[in-house]
Every structure is written in structure tokens, then in C-alpha cells.
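One structure below.
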């Protein structure tokens, strides 16, 4: 929401940054290394080295595209409930805690028109393609060659911003699902055959650890391994464990 009683600000462009907290549901306290592999007898050793679990991470994503609005055709010079971003109730970004920083730029009619045309034509890339008819005029020129067509618009605009935080509970929602399906597997190293009409679990341990980077989250008697996908066990496999300076829990 925004308004300008003076009537000077009528054209607006929006950008946003969304940051969300990630908590790995099945943290792994080990790094695993397979050694002494014997392909004849299909034996191997798994060396587990204790480590600090990577449980909490933070990811930031930036808006793409062009998001604008204008009040020139409204009865009042006021923007009310303009949609900047959309989140599904099933979006994993809201599983723990979510924050969005919205930036509002006041534009001139020339800047607004330039961005509007670029958006309508699809993208800056399409404007530069050989098959694109016409030319979108900006306010930038080449000093070396004044006749050269230059795509771009330089604008000096005022900017206001606001950051908010929320949790899914704030909206009475059920907890959204995690980013991936966390299919936790319990496999017994002693099972080295398929005669019991069951998959060869020793082979599965080797395959998941070696080729799919599954993580060991629990071990019983050096034989029974509980493993999970890296995204479910080590959040740094797809995010960062560096807490942003602005973050508030």
C-alpha cells in the first residue's frame, strides 16, 4: 500500500528479496567414506567421522521480471494491496520462517513507459534478437558512436523499502511439506542377497552412499544404517548456514 497526497508520485516499480529459514528434518552427525571395497565378495567398510550437524540454513532469492503499477487511471492517487509476490500454502519456503523485503521505486512517466514496453515485448533478450522488429528507445547513447542503438534507461528515483517476517502458523495453515521427499531408509549391511525376495541391502548402502550422496543419520551395531537424502540431512547441500545480519527469529 502507498499513497502520495501531493500527486507527484504516480508510477511505481517493485523489486523484492525473499529469505527463508531451513531446518534439516534428519540431521546427520557424520561424514561417510567407503573404503576397502571388494567387488568379488561385495564387502566394504564405511568410515564415519563425527561432525557438527548442518541443521539450520538460510536461502535468499531475488525477484525477476518487471513489476509495475500506476495510479493515473484511479480515482485516488493511492496503491492498495498491490500484489508483489505470490506464495502457495504448500510452498516449502514457509516451512519454518519467511521474510520478504519489498523495494518500491517511484518512476517518471518516461521510465515507466520504457519498462512497460520491455515487459510487453517479453524480455531484454528478445529485444536484442535478430528477429525483433522495431526499437525501444531509452535515454542512453554511445559516446563512441552516437548512431549506434543502445538499449537501456538510466533513472534516478526515490526508493522506499519494508521488510516483514511471518511463520505459517500466523495464517492458521498446516505446515507446508519440505523441499524434497525425505525417504529415510533403514538398511542392514548383513543382508547381501536377494534370495529372501528383498533387495540386497548391502548393495543399496554402497549405491546410495557412493552415487547419490545419501547421508548416514544413525548407525546401530555397525551394521544397520539409517540414511537420508543430502537435502534432508545436511542443509548446506543446497543452502547456506550463514545467518543474514538482518535476520530476526
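The values are calculated or read from the model by the stated rules, or taken from the named source; none is laboratory data. None of the values given here were measured: they were computed from a predicted structure. Counting neighbours? That spans all protein chains shown, and the Cβs are built from the backbone with ideal geometry, glycine included.
Against the condition within 17 Å of residue 161 (Cβ to Cβ) and in a strand (DSSP E or B), how does residue 84 come out, does it pass?
Working: within 17 Å of residue 161 (Cβ to Cβ): yes; in a strand (DSSP E or B): no.
Answer is no for this residue.
Yes/no matrix, rows are residues, columns are (1) exposed (fewer than 15 other Cβ atoms within 10 Å of the Cβ); (2) at pLDDT below 85; (3) under 25 Å from the mean Cα position of the chain (by Cα):
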{"position": "91", "(1), (2), (3)": "no, no, yes"}
{"position": "96", "(1), (2), (3)": "no, no, yes"}
{"position": "105", "(1), (2), (3)": "no, no, yes"}
{"position": "119", "(1), (2), (3)": "yes, no, yes"}
{"position": "125", "(1), (2), (3)": "yes, yes, yes"}
{"position": "134", "(1), (2), (3)": "yes, yes, no"}
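So which of 34, 56 is loosely packed, with under 15 Cβ neighbours inside 10 Å, at pLDDT 95 or above and outside the structural domain of residue 122 (by TED's automatic domain parsing)? Break it down stepwise before answering.
On the way: 56 fails: loosely packed, with under 15 Cβ neighbours inside 10 Å.
Step by step, each of 34, 56 is checked, and only 34 is loosely packed, with under 15 Cβ neighbours inside 10 Å, at pLDDT 95 or above and outside the structural domain of residue 122 (by TED's automatic domain parsing).
Could we say that residue 31 is within 33 Å of the chain's Cα centre (by Cα) and either in a strand (DSSP E or B) or at positive phi (or both) here? If you could, list the steps in order and put the result at the bottom.
Working: within 33 Å of the chain's Cα centre (by Cα): yes; either in a strand (DSSP E or B) or at positive phi (or both): yes.
Considered against the rule, which asks whether it is within 33 Å of the chain's Cα centre (by Cα) and either in a strand (DSSP E or B) or at positive phi (or both), residue 31 comes out as yes.
Considering only region 59-74, how many residues are surrounded by 15 or more Cβ atoms within 10 Å (Cβ to Cβ), in a loop (DSSP other than H, G, I, E, B) and either out of contact with any helix residue (DSSP H, G or I) (no Cβ under 9 Å at 6 or more places or on another chain) or modelled with pLDDT of 95 or more (or both)?
Result for region 59-74: 2.
Looking only at region 200-225, which residues are in contact with a strand residue (DSSP E or B) (Cβ under 9 Å, 6 or more places away or on another chain) and surrounded by fewer than 17 Cβ atoms within 10 Å (Cβ to Cβ)?
210, 218, 220, 222, 223, 224, listed by residue number.
Considering only residues that are modelled with pLDDT of 95 or more and surrounded by 12 or more Cβ atoms within 10 Å (Cβ to Cβ), look in region 154-167 and name the one that is farthest from residue 218 (Cα to Cα). Explain how you work it out, then say what you get.
If we filter region 154-167 for residues that are modelled with pLDDT of 95 or more, which is where we start, we get 161-167.
From what's left, surrounded by 12 or more Cβ atoms within 10 Å (Cβ to Cβ): 161, 163, 165-167.
Details: 161: 45, 163: 40, 165: 34, 166: 33, 167: 30 Å.
Only one residue fits best here, namely 161.
Could you name every one of the strands (runs of 3 or more DSSP E) located completely within region 168-242 that has at least 1 residues being within 15 Å of residue 28 (Cα to Cα), assigned by TED's automatic domain parsing to the domain that holds residue 38 and touching a residue at least 60 places away in the same chain (Cβ under 8 Å)? If you could, list the steps in order and put the result at the bottom.
On the way: elements: 185-188, 215-220, 224-228.
Qualifying strands (runs of 3 or more DSSP E): 215-220, 224-228.
Looking only at residues that are surrounded by 12 or more Cβ atoms within 10 Å (Cβ to Cβ) and in contact with a strand residue (DSSP E or B) (Cβ under 9 Å, 6 or more places away or on another chain) in region 187-198, which one is farthest from residue 115 (Cα to Cα)?
Applying the filter and picking the extreme gives 192.
Would you call residue 26 assigned to a loop (DSSP other than H, G, I, E, B), in the same structural domain as residue 189 (by TED's automatic domain parsing) and without any contact (Cβ under 8 Å) to a residue 12 or more places away in the chain? Please lay out each step first, then the result.
Details: assigned to a loop (DSSP other than H, G, I, E, B): yes; in the same structural domain as residue 189 (by TED's automatic domain parsing): yes; without any contact (Cβ under 8 Å) to a residue 12 or more places away in the chain: no.
In short, no.
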